[in-house]
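For reference, the structure is listed below as structure tokens.
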Amino acid sequence: MTPFILISDGFDKELFQKLKENNHFQVHPESKVNKEELMGLLHKVEGLVIRSATKVTEEILEHAPNLKYVIRAGAGTDNIDKKSCGLKGVKVSNTPGANTNAAAEHAIALMFTLLRNTAEAHHSMKNGLWEKSKFGGLELTGKRIGILGMGRIGQTLAKRLSGFEPQISFYDPFKIEISDPQIKQVDKMEEIFQTCDIITMHLPLLEETKNLIDNKFLSLMKKDALLINASRGGIINEEDLAKALKEKKIRGAALDVFSEEPLPEESPLRKVPNLVLTPHLGASTAESQKRVGEMVLDQLEKFFVHNTLLNEVKA
């Protein structure tokens, strides 16, 4: 039988059309479904493609008796219960590297938004004001930047930042060999928080990184320092961050990811003035989504037609 493929969180339009025209698959005609629609389709799904919105939980798996393959269109797989997938014989893959440049560039965009107060200045102008003296900022050039997590995205970010002649320190639990002598690995994460002007996170969400950045680390930061998270929600303790910002213990922060998404209306983060928020845009570029889509199409065909599994992720 032709495997039934469901894409739940959106997809590049041209590539989605290409997938629908592939005779090896039966594809649900919509590339985005809500949870209720998803639950109604799960009984016949064999291949499920998700981004960050859909959570593959034990409940989802119980309603998907024919599911054989889950692809995370992106890098992080913390929204997939990989252990339960393994117990039920469901294979899991991601698309490593496809979002790397987009995520690194978004982190830089957030840095500039904070350094130059562009978001607040924009709103001020839209309200008919001209508050030039209010929005004086800082330059990125020459700043000391701390990177938490030196995987693909962390290394790409360091490369993109090099033209600004920063001093870059990074913390990673593994020894990372970097050829650039201006980029130095530190042994303790505390050193990043104590010495850096800008701290940017590029970590996976694991049990050991959940709520990792709490009041203990925030209290180590310099008063003029900036904190950026465009990696995974849940790494920063959001209540502790909101408190630190309200008390002006640090200059500002920018978040693209949150412990609960969409961000609840009652979240304390919405009321903090020196905080920039974006709705998980790190991978949301046309170029990135095309690369992701091409990888997904290749992985689906390899798995269902050629019995080959690419980029497997295990618990």
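Quick note: the coordinates plus some simple rules give every number you see, no bench work behind them. Since this is a predicted model, take the numbers as computed values, not measurements. Cβ placement follows ideal geometry from the backbone for every residue including glycine, while neighbour counts extend to all protein chains displayed.
At-a-glance table
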| item | result |
| --- | --- |
| Least to most buried among H28, H122 (fewest other Cβ within 10 Å first) | H122, H28 |
| Between helix 152-161 and the chain: long-axis angle, C-alpha atoms, 0 to 90°, nearest 10 | 40 |
| The chain: antiparallel DSSP beta bridges as a percent of all, rounded to 5 | 5 |
| Choice from D78, D224, D172 showing the highest fluctuation, given a GNM over the chain with Cα pairs closer than 10 Å | D224 |
| Cross-link pairs K55/K88; K175/K216; K143/K222 - those with Cα-Cα distance over 18 Å | K175/K216 |
| Extent along principal axes [Cα atoms of the range 100-277; Å; largest to smallest] | 51, 35, 29 |
| Dipole-positive endmost among L275, L310, L220 within the range 197-315 (Cβ charges, Cα centre) | L220 |
| The range 221-257-the range 1-79 distance, computed between alpha-carbon centres (Å) | 34 |
| Relative contact order for the chain, counting Cα pairs under 8 Å that sit 6 or more residues apart, in percent | 18 |
| Gaussian network model of the chain, Cα within-10 Å springs - most flexible of N23, N101, N127 | N127 |
| Cut-off 11 Å between beta-carbons: net charge of the residues surrounding I7, Lys and Arg +1, Asp and Glu -1 | 0 |
| The range 7-84: trypsin sites (Lys or Arg not before Pro) in DSSP coil with no more than 15 other Cβ atoms inside 10 Å | K55 |
| Förster radius 35 Å - calculated FRET efficiency between E59 and E139, Cβ distance, rounded to 0.05 | 0.10 |
| Gaussian network model of the chain, springs between alpha carbon atoms under 10 Å - residue of E294, E207, E238 with greatest fluctuation | E207 |
| Given (1) 32, 23, 18; (2) 45, 21, 17; (3) 38, 21, 19, the label whose value is semi-axes √(5λ) of the Cα gyration tensor in Å derived from this model | (3) |
| Under DSSP loop assignment and at most 10 Cβ neighbours within 10 Å, longest chymotrypsin sites (Phe, Trp or Tyr not before Pro)-free interval of the chain | 175-315 |
